[in-house]
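Participant: Below is one structure. I have some questions about it.
The values are calculated or read from the model by the stated rules, or taken from the named source; none is laboratory data. Here the structure is a predicted model, which means the values were calculated and not measured. Counting neighbours? That spans all protein chains shown, and the Cβs are built from the backbone with ideal geometry, glycine included. Heads up: the accessible areas ignore ligands, DNA and RNA and are worked out on the full protein's heavy atoms, side chains in. Shrake-Rupley method; radii C 1.70, N 1.55, O 1.52, S 1.80 Å.
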Amino acid sequence: MKLVVLTPHFEPDVAPTGAVITKLVSELVERGHHIDVITSLPWYREHKIESGFDGKLVRTEDRSWGSITRVHPFPTQDKTDIVRRAASFAGFTALAAMKGRRGGDADGVIAVSPPLTLGLAGHTIAKARKAAYVFNIQDVFPDVAIELGYLSNPLLIRSARALEHRCYKQADAITVLSDDLRDNIVGRVGDPSKVRVIPNFVDTEFITPADGDNAYRREHDLEGKTVVMYAGNVGLSQSLDLVIAAAIALRDDPDLVFVINGGGAARPTLEAQARGLDNVRFVDAQPFERLPELLAAGDIHLVPLKRGLARSSVPSKTFSILAAGRPFVASVDAGSEIATIAERSGAGISVVPEDAEAFTKAIRHLAAAPDERFEMGRHARAFVEGWASPAAVAQRYEELVMELRS
């Protein structure tokens, strides 16, 4: 088959979504398909175009299996500036749609959201190339923006809802990551049978359980410590103030260190809150190839989300943690996918969102129980190995496009 994949990020961009879609494309190529990727110039690490990719609005690379077309994402640093972000999304979407229309007929188009505007581009490309159209939702927007308070103007909310409805209506099928997200959007879709659950996956060959006494620990003065790790976007969706609160509460334990690894809009505020705390380290985002080492360096990993967001978003980092054979503490809504995974896998402790006392209590418990952490890590790896492999997920997308074409 000939497929078009429209995604906001792709290798070498370091965004989690980019890593997932890059692996999906790799698996589809292994299955013999021709793929045209439409994506952004790499920008996620520092919210600006990376050196070597700047200077042009569009760059196209021919590959043995197809092509990669990278267009300018017009990045903005401030996520709270709705007008500038909307302009960025509009510019990126327009360029992506224009470039994606070219290339002749295709069998299927897979467009990834957010941004939600790529739903429009995906439909435009699918019509031009006479292809079936699959709209993949990683996070449900505008729900996340409304929950975070980015979007509060009633007129803008109505406009965003109208765009959401249009994107759902235009798609031949909609894929979401979990039953939780399916329940969230199925009532907004005219035909609930259009909504399919195809989870993200983790590359269990790339990320494996490993010794935590590694170069990352040595670089950041973590040797001999129990490391409590948050690794990911340091943004406004995450309740990272809970991490600082836990560090303050547990600062008298000389063996316990909290690491916040990553960058984002919330980091300056967190660094100010952590000033004077000897048990907190801030580390910049690491190259993707160091992800297994980074995950291995943590004894306990953290997945904190603000109230309401766990029903609109499933952080892919959760599955990377499981693949690394590490336990986690999640601050998420009861009944959400992450809370369910924590329970089913036996690898995590889930507490209610934004409850610093419960969050700290869970961390304190695991920090004092190395044998329990080891068993939870063993359960984590076993769970993720049986949950979804990259090959299985690629096959489900292949079968879905074939079904839509029949």
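Participant: Report the FRET efficiency, 1/(1 + (r/R0)^6), for ASP253 and THR340, where r is their Cβ-Cβ distance and R0 is 30 Å, rounded to 0.05.
Facilitator: 0.45
Participant: Another question, then. Please report the projected area of segment 252-395's Cα convex hull averaged over all directions, in nm².
Facilitator: With the hull built on Cα positions only, its mean projection is 9.5 nm².
Participant: Shifting gears a bit: Using a Förster distance of 56 Å, how high is the FRET efficiency between MET98 and SER152, based on the Cβ-Cβ distance and rounded to 0.05?
Facilitator: E between MET98 and SER152, to the nearest 0.05, is 0.95.
Participant: Roughly what % of DSSP beta bridges within the chain run antiparallel, to the nearest 5?
Facilitator: Taking every DSSP beta bridge with both residues in the chain, the antiparallel ones total about 15 percent.
Participant: Just to confirm the number: angle between the C-alpha axis of helix 390-405 and the first principal axis of the chain, 0 to 90 degrees, nearest 10?
Facilitator: Around 30 degrees separate the two axes.
Participant: Further question: Could you tell me, in Å, what Rg and Dmax come out for the Cα atoms of segment 91-213?
Facilitator: 16.6, 53
Participant: So how much slack lies between SER26 and LEU57, counting 0.36 nm per residue of separation and subtracting their Cα-Cα distance, in nm?
Facilitator: Contour length minus the Cα-Cα distance gives 8.6 nm.
Participant: On to the next question. Mind ordering 13-25, 182-194, 334-346, 317-329 by average Cβ neighbours within 10 Å, highest first?
Facilitator: My ranking of the peptides, most packed first, is 317-329, 13-25, 334-346, 182-194.
Participant: Report, largest value first, the span of the C-alpha coordinates of the chain along each principal axis, in whole Å.
Facilitator: Sorted largest first, the three principal extents are 63, 45, 44 Å.
Participant: Now, a different point. How big is D, in µm² s⁻¹, for segment 1-68 by Stokes-Einstein at 10 °C and 1.306 mPa s if Rh is the Kirkwood radius over C-alpha pairs?
Facilitator: Translational diffusion coefficient: 128 µm²/s.
Participant: Once the Cα atoms of helix 370-387 and of the chain are each reduced to a long axis, what angle between those two axes, in degrees from 0 to 90 to the nearest 10, is obtained?
Facilitator: 10
Participant: Using a 1.4 angstrom probe with every protein chain in place, what is the largest-first accessible-area order of ARG267, ARG63, ARG218?
Facilitator: In descending accessible area the options line up as ARG218, ARG63, ARG267.
Participant: If you don't mind, there's one more thing I want to ask. About its Cα centre, how strong a charge dipole does the chain have in debye, to the nearest 20, once Lys and Arg get +1 and Asp and Glu get -1 at the Cβ?
Facilitator: For this selection, approximately 1700 debye.
Participant: Roughly how many nanometres apart are two label points built 7 Å out from the Cα toward the Cβ at GLN286 and LYS2?
Facilitator: Those two pseudo-labels are separated by 4.2 nm.
Participant: So if the hydrodynamic radius of segment 1-117 is defined as the Kirkwood radius over C-alpha pairs, what does Stokes-Einstein give as its diffusion coefficient at 25 °C and 0.890 mPa s, in µm² per second?
Facilitator: It diffuses with D of about 170 µm²/s by this estimate.
Participant: Still on this structure, please answer the following. State the Cα centre-to-centre distance between segment 218-250 and segment 276-323 in whole Å.
Facilitator: For segment 218-250 versus segment 276-323, the Cα centre distance is 9 Å.
Participant: Counting Lys and Arg as +1 and Asp and Glu as -1, what is the net charge of the other residues whose Cβ lies under 13 Å from the Cβ of TRP65?
Facilitator: -2
Participant: Calculate, in nm to one decimal, what ASP183 and VAL352 gain on full extension: separation in residues at 0.36 nm each, minus their alpha carbon distance.
Facilitator: 58.8 nm
Participant: Bins of 5 Å, beginning at zero and ending with the bin holding the largest distance: percent of Cα pairs per bin for segment 199-317, please.
Facilitator: Histogram of Cα-Cα distances, whole percents per bin: 2, 10, 21, 23, 21, 14, 6, 2, 0.
Participant: Could the peptides 173-181, 64-72 be put in order, highest first, of the mean number of other beta-carbon atoms found within 10 Å of their residues?
Facilitator: Top of the packing list down: 173-181, 64-72.
Participant: So what's the angle, to the nearest 10 degrees on a 0 to 90 scale, between helix 154-170 and the longest Cα principal axis of the chain?
Facilitator: 60
Participant: Still on this structure, I have one more. Given a Förster distance of 35 Å, report the FRET efficiency between SER159 and GLU372 from their Cβ-Cβ distance, rounded to the nearest 0.05.
Facilitator: 0.10
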